[in-house]
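Undergrad: Quick one: this structure, given as structure tokens, is what I'll be asking you about.
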Amino acid sequence: MTRLYENRGFFLRQNGSVVVIALVVIYGVFELWRAFAAGGDPTGALFGVLFVGGGIWGFYTLWHDGRDVVAALDADLAGHQAVFTLWGPFTQKRLAMPFDAIVEWRFWVKPGTRGQRSYFLQAMTRASPRPLQIELKRGQPVPDGLREIAPAAIEEFEAATTAK
């Protein structure tokens, strides 16, 4: 297997965010305990609710945005096999499949705040109910192996990023 793509630091960033979110929720529970059980100031309950609610929203957002992003793609081009490595909280999920199981490659632009855009290749597979997302960086070369297995999507990415 040859590494065609790697999103360096993705696991560290995602798992670090999970730790921070867990600390936020723990602090929120502590504030709720201080407000109600320890006879403290009831205004702390508002902080507790905000911290717990913010932690839940943060984990939902982290899970929703990060669960289908590919951290690494390894492929055997001669054997027509691919292994996608996906993030899970403190785990790695590997999806091994033949190229035939990848039913569609497409280019996708995710709009962000203040006019920022993130560029992705999406791979529709039979092994995953949602499209797998490979983040592409503008101005960085696309690996030749990725160009070989998704030529039309890569051409569309290059056309979209060089037109500006």
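Read the figures in this text as sums done on the coordinates, not as results from a lab. Everything numeric here is computed off the predicted structure, so don't read it as measured data. FYI the Cβ positions are ideal-geometry reconstructions off the backbone, even for glycines, and counts take in every protein chain you see.
Undergrad: Whole Å is fine, so just give me how far the alpha carbon centre of region 122-154 lies from that of region 18-76.
TA: 32
Undergrad: Using the per-residue mean of other Cβ atoms lying within 10 Å as a proxy for protection, in what order, highest first, do the peptides 3-10, 80-87, 95-102 fall?
TA: So the peptides 3-10, 80-87, 95-102, ranked by packing, come out 80-87, 3-10, 95-102.
Undergrad: Which one, V24, A71, L86, projects farthest toward the positive side of the charge dipole computed for region 19-95 from Cβ point charges (K/R +1, D/E -1)?
TA: V24
Undergrad: Mind jotting down a quarter of the surface of the convex hull over the alpha carbons of region 10-65, in square nanometres, one decimal?
TA: In nm², the orientation-averaged hull projection of region 10-65 is 3.5.
Undergrad: Which one, A153, A45, A123, has the greatest fluctuation when you compute a Gaussian network model over the chain with C-alpha springs under 10 angstrom?
TA: Largest GNM mean-square fluctuation: A45.
Undergrad: Enumerate the helices in the chain for which the Kyte-Doolittle hydropathy averages -1.0 or more and the C-alpha atoms extend at least 24 Å along the helix's axis, using complete DSSP H runs.
TA: 10-36, 44-66
Undergrad: Once every DSSP H run of n ≥ 4 in the chain is given -39500 (n - 2.57) and the sum is divided by its residues, what mean residue ellipticity at 222 nm do you get, rounded to the nearest 500 deg cm²/dmol?
TA: -14000 deg cm²/dmol
Undergrad: Could you calculate the FRET efficiency of I56 with R114 from 1/(1 + (r/R0)^6), where r is the beta carbon distance between them and R0 is 22 Å, rounded to 0.05?
TA: 0.25
Undergrad: While we're on this one: If you place +1 on the Cβ of every Lys and Arg, -1 on the Cβ of every Asp and Glu, and leave all else neutral, what size is the dipole of the chain about its Cα centre, to the nearest 20 Debye?
TA: 300
Undergrad: Using 1/(1 + (r/R0)^6) with R0 = 41 angstrom and r between the beta carbons of Y27 and Q140, what's the FRET efficiency to the nearest 0.05?
TA: The formula returns an efficiency of 0.60 here.
Undergrad: Determine by what factor the alpha-carbon radius of gyration of the chain differs from 2.2 N^0.38 Å, reporting the quotient.
TA: 1.34
Undergrad: Something else about it: Rounded to whole Å and ordered largest first, report the semi-axes of the equivalent ellipsoid of region 87-164 derived from its Cα gyration tensor (root of 5λ).
TA: 23, 17, 11
Undergrad: Next question, about the same structure. Toward the positive end of the charge dipole of region 94-164, about the Cα centre and with charges on Cβ (Lys, Arg +1; Asp, Glu -1), which of T162, A150, Q116 goes farthest?
TA: The listed residue farthest towards the positive side: Q116.
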